Amino acid sequence: MLPPLTAIPSHVASVSDYRELARERVEPGAWAYLEGGAADEISAAQNLTSFDSCRIIPRHFRDFSNAHTRTELFGRRYAHPIFVAPTAYHRLFHPEGELASLLGATALEAGFTLSTLASASLEEIGAQKTAGLWFQLYIQHDREFTLELVGRAEKAGYEALVLTADAPLSGLRNREQRAGFQMPAHISAVNLKGMRPQAPAQQIFGSELLKQSPTWNDLAWLAENTRLPIILKGVLHPDDARSALDHGASGIIVSNHGGRILDTTPTPFEVLPVIAKAVAGAAPVLVDGGIRRGSDIFKALCSGADAVMIGRPILHGLAAAGAVGVAHVIKMLRTELEMTMALAGCPDLSSVNPGFLLEKR
């Protein structure tokens, strides 16, 4: 495998250019883990193409004298609506792991969400004193340990909890199976040390794993036991969005987990408008999945999102060039977003609306 780059090659012109640079620097098994989706990977592939049939209708002669991309979520102002999605085990892709990813995100003023399955402790990341730091959480079978994680996140200065709802079981990821991927011994989910182990399920239905999987009551329980806003991630149905708010969630992330959990789900962009309509401005709505261009971000914002989250491209940048690669990925997306807004005739995010789109979904 090639070592990480120390300078960005001149041919890197878009986010997608980082993918091959990353592939040259990641072990085959880890690459299968990063790129693989569930089963036949139909959802993972369709996430990437879901924006293509939606066209932008530009408007002209708009006033851009005070143009900006600022937005506000949960009481904090951000320079732009591009956030780093929670992804696991960054040290699989670069020796500095999540610390390098955070450094790159901070340089570009991007909000950052740390995964429960991070290869760096939440205290280590929290000590960087980065504004807009969120912690992604699963409600574990060990509910007491779940509350300990929440307390640690509060103490370390995290500003929100991103609760993943769509993964009571890991997806059936055949690409990983075929590659024989196993987590290297020196990389682990350090934030889960001390949790009571659970025996693996010998079957799915009737297993203790499913019996202990979270319900809406667990969301309400969590909301009662934290002072942090809870953003529910993995929502694809408007009724679930409404239920989330009814049970204590303060925000929604429309997501199919990058196509990694259940194959042939709709893409997040397909269902985003109906979920935004169901939420009706009562809480922020974010979206992830398949975003590779600033124009994709613009389309998502026009379709009802308040912000977007970027997953795999961040890891491509990290694997290729560490913190510099992460920063460059975010920089390109922000530049493309500003270019798209300028050419579409949209000076700020408050001006974004569905009227800029011709949709063929």
- Item | Filter pass, residue 259 being in contact with a Pro (Cβ under 8 Å, 6 or more places away or on another chain) and either over 30 Å from residue 66 (Cα atoms) or not charged (D, E, K, R) (or both) | no
Selection status of residue 296, under 21 Å from residue 254 (Cβ atoms), in contact with a Pro (Cβ under 7 Å, 6 or more places away or on another chain) and of a type in the set (Asp, Glu): no
When every residue in the stretch 268-298 that is among the hydrophobic types (A, V, I, L, M, F, W, C), touching a strand residue (DSSP E or B) at 6+ places or on another chain (Cβ under 6 Å) and part of a helix (DSSP H, G or I) is compared, the one nearest to residue 359 (Cα to Cα) is 272
Discussion item. Tell me yes or no: at least one residue of the stretch 314-330 is buried (at least 23 other Cβ atoms within 10 Å of the Cβ), over 21 Å from residue 101 (Cα atoms) and at pLDDT 95 or above.
Written reply: no
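The rows are residues; the columns are (1) touching a residue at least 60 places away in the same chain (Cβ under 8 Å); (2) touching a Phe, Trp or Tyr at 6+ places or on another chain (Cβ under 7 Å); (3) surrounded by fewer than 19 Cβ atoms within 10 Å (Cβ to Cβ); (4) at positive phi.
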| position | (1), (2), (3), (4) |
| --- | --- |
| 74 | yes, no, yes, yes |
| 104 | yes, no, no, no |
| 107 | yes, no, yes, no |
| 122 | yes, yes, no, no |
| 132 | no, yes, no, yes |
Residue hits (the stretch 243-259; out of contact with any helix residue (DSSP H, G or I) (no Cβ under 7 Å at 6 or more places or on another chain), outside any helix (DSSP H, G or I) and buried (at least 22 other Cβ atoms within 10 Å of the Cβ)) are 251, 253
Considering residues that are modelled with pLDDT of 85 or more and among the charged types (D, E, K, R), the number found within the stretch 202-219 is 1
Expected single match for surrounded by 14 or more Cβ atoms within 10 Å (Cβ to Cβ), out of contact with any Phe, Trp or Tyr (no Cβ under 9 Å at 6 or more places or on another chain), small (Gly, Ala, Ser) and touching a residue at least 60 places away in the same chain (Cβ under 8 Å) among 157, 171, 180 is 171
- State yes or no: is residue 114 modelled with pLDDT of 95 or more, farther than 17 Å from residue 288 by Cβ, surrounded by 24 or more Cβ atoms within 10 Å (Cβ to Cβ) and of a type in the set (A, V, I, L, M, F, W, C)? no
For the stretch 296-345, the count of residues that are out of contact with any His (no Cβ under 9 Å at 6 or more places or on another chain) and over 13 Å from residue 15 (Cβ atoms) equals 17
Of those in the stretch 5-19 that are farther than 16 Å from residue 315 by Cβ and among the hydrophobic types (A, V, I, L, M, F, W, C), the residue modelled with the highest pLDDT is 13
Residue hits (the stretch 46-72; assigned to a helix (DSSP H, G or I) and surrounded by 15 or more Cβ atoms within 10 Å (Cβ to Cβ)) are 46, 47, 48
When the stretch 202-236 is checked residue by residue, the ones that are part of a loop (DSSP other than H, G, I, E, B), farther than 24 Å from residue 87 by Cβ and touching a residue at least 24 places away in the same chain (Cβ under 8 Å) are 204, 212, 225, 227
For the stretch 26-45 the number of residues that are surrounded by 21 or more Cβ atoms within 10 Å (Cβ to Cβ) and in a loop (DSSP other than H, G, I, E, B) is 4
Condition set touching a helix residue (DSSP H, G or I) at 6+ places or on another chain (Cβ under 9 Å) and surrounded by fewer than 13 Cβ atoms within 10 Å (Cβ to Cβ), scope the stretch 185-205, selection farthest from residue 223 (Cα to Cα): answer is 186
Those residues of the stretch 272-293 which are under 23 Å from residue 35 (Cα atoms) and buried (at least 23 other Cβ atoms within 10 Å of the Cβ) amount to 286, 287, 288, 289, 290, 291
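The values are calculated or read from the model by the stated rules, or taken from the named source; none is laboratory data. Please read all numbers here as calculations on a predicted model, not as lab measurements. Neighbour counts are summed over all protein chains in view; Cβ atoms, including those assigned to glycine, are modelled from backbone coordinates with ideal geometry.
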